[in-house]
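J.: For reference, the structure I am asking about is given below.
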Amino acid sequence: MPKFSEAIAPSQAFLYGEHAVLYGSPALAMSVDVKTRARVTEVEDRIIEIRSDRFPEGLRWRYDEEQPEENPLLPLAYGLRDLMKRYEFNKGLIVEISSDVPVNSGMASSASVSAAISAAFLSLVGESPEKYLLLDIVYEFERRIHGRASKTGPACAVLGGLVWIEWRDGNMEVSRIDSKDDLSIVISCSGLLSETKKLVSMVSKRYNEIRDVMDRIMHAISALTVEGRKAIEKRDLVRAGELMNINHGLLSAIGVSNYVLDEIVWTMRRLGAYGAKLSGAGGGGCVIGLSENPEVLAKNLSASYPSFAAKVSLEGVRVIR
Ligand SMILES: Nc1ncnc2c1ncn2[C@@H]1O[C@H](COP(=O)(O)OP(=O)(O)O)[C@@H](O)[C@H]1O
Ligand SMILES: C[C@@](O)(CCOP(=O)(O)O)CC(=O)O
């Protein structure tokens, strides 16, 4: 039996502060109990092969003989190649990914996958890194995939729970707040792709063009994120929902919402949500909402959009074999 290891990692919902977190604001996100599983198997051939149920074309790369062809899985292969060098692993790997996380949906599928494969690889080579070291490794993957990125997705995938991102002296610091498992949200999917890299650069262009205006919006998002944290910690869902509504309005203002996302947000509100907003990069992807009864809201929304209730995952990435 070839040597292998397997790990499982949760995904993310942005409660407050996406985009603005790239401009110095804090962010609050929830690790979501919708997960990615990755198995990493050692092989003698010097290859990196990635198979994924979401990317049926896969990738196979003889890493010291050929240049790999363009492929959406390439950033993962490059990230693995770096890890293999760092841990002096001179063989090959077959990586099998199966994920319940919708791709390009604002749920940080990229970070969830990167955390599962990094943790599985490290276990294969007999390492059990401290969580914050693993977080830095996953953040490197994230930067390969997106270019400019915050640590929010990696923190949700690695640490689990509610994660707080803030800037101190020019560095992004990550901490876990709260440790109760009683938070659930509703997630509704637009079916439209949310292309993180494209949206981040669109916002950056706008920021450079009308900086005074954009700075004020980012500042308002920063303030509401701080208030949002207080409301979430107190489990004051009414106030937390109200702040989500404000956050969604400001995300619309910076240009990352659209007709479909706004329609889902309004449908959630009409069906009784305390508040709703797009989650992640926007332009498509998912909308999240807070409600007294997320199961019932998700069921009612399902008539119009694929929707489900999702619980906070207190557990971050975990090696399972
Ligand atoms: N199930 C998966 N299998 C393999 N790679 C994945 C999977 N999910 C995400 N990825 C990687 O992450 C990229 C998508 O990341 P991104 O555009 O940020 O979407 P998201 O907002 O869902 O993170 C994919 O192009 C791929 O490299
Ligand atoms: C726009 C941004 O704030 C969130 C992107 O989230 P996602 O890739 O859509 O899950 C970028 C980031 O935080 O890395």
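J.: Considering segment 53-100 alone, what residues qualify as being under 20 Å from S5 (Cα atoms) and basic (K, R)?
T.: Matches in segment 53-100: R60, R81, K85, R86, K91.
J.: Give the residue that is nearest to ligand 2 (Cβ to nearest atom), with candidates limited to residues of segment 273-284 that are touching a strand residue (DSSP E or B) at 6+ places or on another chain (Cβ under 7 Å) and assigned to a loop (DSSP other than H, G, I, E, B).
T.: Out of the qualifying residues, it is G280.
J.: From the set of residues in segment 172-214 that are closer than 15 Å to G282 by Cβ and polar (S, T, N, Q), which is nearest to ligand 1 (Cβ to nearest atom)?
T.: This residue is T196.
J.: Just one of I94, I177, I117 is more than 13 Å from ligand 2 (Cβ to nearest atom), touching a Phe, Trp or Tyr at 6+ places or on another chain (Cβ under 6 Å) and of a type outside the set (G, A, S); which is it?
T.: I177
J.: Of the residues I232, I246, I264, only one is without any contact (Cβ under 8 Å) to a residue 60 or more places away in the chain and either assigned to a loop (DSSP other than H, G, I, E, B) or aliphatic (A, V, I, L, M) (or both); which?
T.: None of the other options fit; the residue is I246.
J.: Could you please let me know if G92 is within 11 Å of ligand 1 (Cβ to nearest atom) and either among the aromatic types (F, W, Y) or in contact with a strand residue (DSSP E or B) (Cβ under 6 Å, 6 or more places away or on another chain) (or both)?
T.: No, not satisfied.
J.: Give just the number: which of (1) of a type in the set (A, V, I, L, M, F, W, C); (2) outside any loop (DSSP other than H, G, I, E, B); (3) in contact (Cβ under 8 Å) with a residue 24 or more places away in the chain; (4) closer than 30 Å to P306 by Cβ does I48 not satisfy?
T.: I48 satisfies all of (1) of a type in the set (A, V, I, L, M, F, W, C); (2) outside any loop (DSSP other than H, G, I, E, B); (3) in contact (Cβ under 8 Å) with a residue 24 or more places away in the chain; (4) closer than 30 Å to P306 by Cβ except (4).
J.: OK, next. Of (1) more than 17 Å from L15 (Cβ to Cβ); (2) touching a residue at least 60 places away in the same chain (Cβ under 8 Å); (3) under 21 Å from the mean Cα position of the chain (by Cα), G255 satisfies all except one. Which?
T.: (2)
J.: Can I ask one more? Give me the pairs, please: first residue somewhere in segment 142-153 and assigned by TED's automatic domain parsing to the domain that holds A13 and under 20 Å from W164 (Cβ atoms), second residue anywhere and assigned to a loop (DSSP other than H, G, I, E, B) and within 11 Å of ligand 1 (Cβ to nearest atom), beta-carbon distance under 8 Å, and either six or more positions apart or on two chains.
T.: Partner pairs satisfying both residue conditions: E142/A149; T152/E18; T152/A108; G153/A108.
J.: Tally time: how many residues in segment 173-217 are in a helix (DSSP H, G or I), under 13 Å from V256 (Cβ atoms) and at pLDDT 95 or above?
T.: Of the residues in segment 173-217, 12 are in a helix (DSSP H, G or I), under 13 Å from V256 (Cβ atoms) and at pLDDT 95 or above.
J.: Would you mind telling me which numbered condition in (1) assigned by TED's automatic domain parsing to the domain that holds L290; (2) in contact with a Leu (Cβ under 7 Å, 6 or more places away or on another chain) L162 fails?
T.: Among (1) assigned by TED's automatic domain parsing to the domain that holds L290; (2) in contact with a Leu (Cβ under 7 Å, 6 or more places away or on another chain), the lone unmet condition for L162 is (1).
J.: Follow-up question, since we're still on this one. Residue by residue through segment 285-307, note down the ones that are more than 16 Å from ligand 1 (Cβ to nearest atom) and either in a strand (DSSP E or B) or closer than 20 Å to C156 by Cβ (or both).
T.: Across segment 285-307, the qualifying residues are G289, L290, P294, S307.
J.: Could you list, ordered by first residue, the pairs with Cβ atoms under 6 Å in which the first is in segment 281-297 and of a type in the set (A, V, I, L, M) and the second is within 12 Å of ligand 2 (Cβ to nearest atom) and part of a helix (DSSP H, G or I), at least 6 apart or interchain?
T.: Cβ pairs passing all conditions: A281/T196; A281/L199.
The values are calculated or read from the model by the stated rules, or taken from the named source; none is laboratory data. Keep in mind it's a predicted model, so treat the numbers as computed, not measured. Note that we place each Cβ from the backbone using ideal geometry, even for glycine, and neighbour counts take in every protein chain shown.
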